[in-house]
């Protein structure tokens with residue numbers, strides 16, 4: 001019997017069989033990330049362990065946005081970014097910068113500037129100063145976030161669009177590239193996996209920027225989706241971005257079990273909901289790995305890994321369970337679905 005066991009162990013060790021590991025990122029060649037608020041994680045030993053075991057890429061949920069970094073004129077709060085830089089270094093994680101320019105994270109003092117030339121100076125100085133300051137530690141940035149309208153095929157009439165005009169988008173990328181020529185620069189957007197009108201408008205914008213020589217290196221597909229997401233439309237979107245040679249980042253993935261049109265399809269997280277969510281996590285990750293060539297995979301980032309900290313529950317006030325860990329930091333079937341897709 002001992003000889004038989006030894007024989008099979010020898011075969012396993014010498015046949016080139018892949019060793020499957022009890023971790024998400026260790027079972028794939030692509031980066032697996034989590035967007036978190038470190039203050040919440042550091043106070044929870046289970047969450048801390050999960051973060052450093054399952055993930056090798058880190059994104060700050062809010063601490064690296066404009067409102068956190070420059071809350072007062074001329075007073076940069078570098079500590080907000082530095083805690084993420086230090087954590088990423090300590091645990092050998094990639095740090096992804098999120099986000100430089102977003103209309104929902106503008107300090108109030110900036111909104112009070114009515115002189116366009118003055119506002120433009122603040123805009124330029126902020127991007128240049130921030131990207132230069134972090135150039136050794138942040139090698140990927142969501143430069144512009146959510147600039148396209150949900151319908152109509154045009155730009156969102158945001159603060160930046162209304163004050164600086166459409167050129168603010170191209171200038172954001174040029175400034176970031178000048179401040180750190182080695183950083184990968186992304187346009188980040190939601191709804192691209194299903195909203196075909198928004199996808200078309202985004203592709204038109206990227207094509208136009210590319211013709212102008214603007215350094216847009218990648219697309220962030222946020223992927224705040226539900227179990228009903230149309231896989232055909234998702235696959236089409238991936239192919240469009242791959243065709244353009246862009247790096248592709250699933251940048252904010254979570255999967256709700258209650259679609260907007262059926263807000264209480266599941267009042268409780270039961271077996272059926274868990275199975276549907278598991279299958280969708282598997283399909284989303286597997287399709288990404290199939291459709292995006294390895295050299296264009298920037299990785300997959302979950303927008304929170306536990307239902308305890310999900311923005312869906314706490315900010316949107318929705319009754320749902322969108323993450324791969326439950327509120328008690330236990331693995332859900334969704335974890336197994338994602339793990340399987342990465343391990344195959």
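Here, each number is a calculation from the coordinates, and none is a lab measurement. Everything numeric here is computed off the predicted structure, so don't read it as measured data. All Cβ positions, glycine included, derive from the backbone under ideal geometry; neighbour counts span all protein chains shown.
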Worksheet entry | Gaussian network model of the chain, Cα within-10 Å springs - most flexible of 110, 148, 69 | 110
Practice prompt. May I ask you to sort 320, 326, 150 by Cβ crowding, counting other Cβ atoms within 10 Å and putting the fewest first?
Written response: 150, 326, 320
Item to complete: Return the single residue from 102, 78, 303 with maximal mean-square fluctuation; model: Gaussian network over the chain, springs between Cα atoms under 10 Å.
Response: 78
Fill in: Per-bin percent of Cα-Cα distances, the range 107-204 [5 Å]
2, 13, 20, 20, 18, 16, 9, 2
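Rounded, prolate or oblate: pick one for the range 21-343, where a ≥ b ≥ c are the square roots of the eigenvalues of its C-alpha gyration tensor, a/c under 1.5 means rounded, and failing that, prolate if a/b is larger than b/c, else oblate. Kindly include the intermediate steps, with their values, before the conclusion.
Values: a/c = 1.58, a/b = 1.36, b/c = 1.16.
Judged from the Cα gyration tensor, the range 21-343 comes out prolate (a/c at least 1.5, a/b above b/c).
With runs of 4+ DSSP H residues as the only contributors, calculate the mean residue ellipticity of the chain at 222 nm using -39,500 (n - 2.57) per run, divided by the residue total and rounded to the nearest 500. Intermediate values should be presented prior to the final figure.
Numbers: 14 runs with 151 residues, N = 344.
After summing the helix terms and dividing by residue count, I get -13000 deg cm²/dmol.
To make sure I understand, if each residue's beta carbon is the centre and we count other beta carbons within 10 Å, what order do 36, 143 fall in, fewest to most?
Values: 36 27, 143 31.
Least crowded to most crowded, the residues run 36, 143.
Rounded, prolate or oblate: which fits the range 16-157 when a ≥ b ≥ c are the square roots of the eigenvalues of the alpha-carbon gyration tensor, with rounded for a/c under 1.5 and prolate only if a/b beats b/c?
Working: a/c = 2.46, a/b = 1.82, b/c = 1.35.
Prolate.
Using the count of nearby Cβ atoms within 10 Å as a rough guide to exposure, how do 209, 175, 316, 302 rank from fewest to most? Display every interim value, and only then the final one.
Values: 209 17, 175 21, 316 12, 302 31.
In increasing order of surrounding Cβ atoms, one gets 316, 209, 175, 302.
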Response to the item:
Across 5 Å bins beginning at 0, the whole-percent shares of Cα-Cα pair distances in the range 147-277 come to 2, 10, 17, 20, 18, 13, 9, 6, 4, 2, 0
Practice prompt. Specify the inter-centroid distance of the range 238-256 and the range 54-94, based on alpha-carbon positions, in whole Å.
Written response: 23 Å
Worksheet item: What is the helix-to-structure angle for 45-54, meaning the angle in degrees between its Cα long axis and the longest Cα principal axis of the chain, kept from 0 to 90 and rounded to the nearest 10?
Response: 90 degrees
Worksheet item: For the range 84-157, rounded, prolate or oblate, judged on the Cα gyration tensor with a ≥ b ≥ c (square roots of eigenvalues), a/c < 1.5 rounded, else prolate if a/b > b/c?
Response: oblate
Fill in: Cα long-axis angle, helix 78-90 against the chain (0 to 90 degrees, to the nearest 10)
30 degrees
Worksheet item: Expressed as an acute angle from 0 to 90° and rounded to the nearest 10, what is the orientation of the C-alpha long axis of helix 196-211 relative to the principal long axis of the chain?
Response: 60 degrees
Worksheet item: Expressed as a whole number of Å, what is the distance separating the alpha-carbon centroids of the range 113-134 and the range 263-289?
Response: 42 Å
Worksheet entry | Largest-first principal axis extents of the Cα set of the range 262-344 (Å) | 40, 26, 25
